[in-house]
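A.B. asks: First the structure, which I've put down as structure tokens, then a few questions once you've had a look.
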Amino acid sequence: MPRFQGTEEQERALGAFVKLLRAGNAVTAAAMRSLADSGLTPTQFAVLEALYHAAGPKPMCLSDVAHKILTSSGNLTLVVKNLEKRGLVRRKLSGKDRRFVELEITARGGKIISDVFPAHAAEIVGVMSRLSPAEQETLAGLCRKLGAAETSRQ
């Protein structure tokens, strides 16, 4: 089967895209190593982390958590159910609007995330230290630029 022969612009964009995905997957894999002993899946960790670092101890609407961790509310249902079974989060109907489900982290969930997060952060710092501080800032800016461009198209 013949290889795709695109324009120079296509080849450059596709090459950058593949490199971005590979780098993202490598960094994610390194960051997730810190979860090995926690019994948390990456998505469970993301939910706990979002709730733990939310502004104040207030609960978050399930759809806000889904948006924050880049998943759909439908995908989150089973994750939250499993976290709830372990006593790490609590679901409740919103007092303001009974159609919305709020999610709050329990003391046990807070303890787990506060124990796991430092090792998680250290893994990320270790991987990102391959770049200089200036390169990390540039990368962050470029990622924001890509994300903003895509958000404005939706």
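The values are calculated or read from the model by the stated rules, or taken from the named source; none is laboratory data. These numbers were taken from a predicted model, which means no experiment stands behind them. All Cβ positions, glycine included, derive from the backbone under ideal geometry; neighbour counts span all protein chains shown.
A.B. asks: In the stretch 83-106, what residues are in a loop (DSSP other than H, G, I, E, B) and not aromatic (F, W, Y)?
C.D. replies: Start the filter on the stretch 83-106 by keeping residues that are in a loop (DSSP other than H, G, I, E, B), which leaves 86-88, 94-100, 106.
Within the stretch 83-106, R86, G87, L88, S94, G95, K96, D97, R98, R99, T106 qualify.
A.B. asks: Also: I'm trying to understand the selection: among the residues of the stretch 66-78, which are within 12 Å of the chain's Cα centre (by Cα), of a type in the set (A, V, I, L, M) and outside any loop (DSSP other than H, G, I, E, B)?
C.D. replies: A66, the sole residue that qualifies.
A.B. asks: Out of all the residues in the stretch 43-50, is one or more surrounded by fewer than 15 Cβ atoms within 10 Å (Cβ to Cβ), within 16 Å of the chain's Cα centre (by Cα), modelled with pLDDT of 85 or more and not charged (D, E, K, R)?
C.D. replies: Step one: of the stretch 43-50, the residues surrounded by fewer than 15 Cβ atoms within 10 Å (Cβ to Cβ) are none.
No, the stretch 43-50 contains no residue that is surrounded by fewer than 15 Cβ atoms within 10 Å (Cβ to Cβ), within 16 Å of the chain's Cα centre (by Cα), modelled with pLDDT of 85 or more and not charged (D, E, K, R).
A.B. asks: Here's something else I'd like to know. Tell me which of these V116 doesn't satisfy, since it passes every other one: (1) free of Cβ contacts under 8 Å to residues at least 24 places away in the same chain; (2) at negative phi; (3) out of contact with any strand residue (DSSP E or B) (no Cβ under 8 Å at 6 or more places or on another chain).
C.D. replies: Evaluating V116 over (1) free of Cβ contacts under 8 Å to residues at least 24 places away in the same chain; (2) at negative phi; (3) out of contact with any strand residue (DSSP E or B) (no Cβ under 8 Å at 6 or more places or on another chain) leaves (1) as the failure.
A.B. asks: Then there is this: Is it the case, given these coordinates, that E102 is touching a residue at least 12 places away in the same chain (Cβ under 8 Å), surrounded by 11 or more Cβ atoms within 10 Å (Cβ to Cβ), within 23 Å of L40 (Cα to Cα) and out of contact with any strand residue (DSSP E or B) (no Cβ under 8 Å at 6 or more places or on another chain)? Before you say what the answer is, go through the steps one by one.
C.D. replies: Values: touching a residue at least 12 places away in the same chain (Cβ under 8 Å): yes; surrounded by 11 or more Cβ atoms within 10 Å (Cβ to Cβ): yes; within 23 Å of L40 (Cα to Cα): yes; out of contact with any strand residue (DSSP E or B) (no Cβ under 8 Å at 6 or more places or on another chain): no.
So E102 fails the test.
Quick grid of which residues meet (1) of a type in the set (V, I, T); (2) within 17 Å of F117 (Cβ to Cβ); (3) touching a helix residue (DSSP H, G or I) at 6+ places or on another chain (Cβ under 8 Å); (4) part of a helix (DSSP H, G or I):
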site: F17; (1), (2), (3), (4): no, no, no, yes
site: L40; (1), (2), (3), (4): no, yes, yes, no
site: T43; (1), (2), (3), (4): yes, yes, yes, yes
site: L51; (1), (2), (3), (4): no, yes, yes, yes
site: K58; (1), (2), (3), (4): no, no, no, no
site: D64; (1), (2), (3), (4): no, no, no, yes
site: V80; (1), (2), (3), (4): yes, no, yes, yes
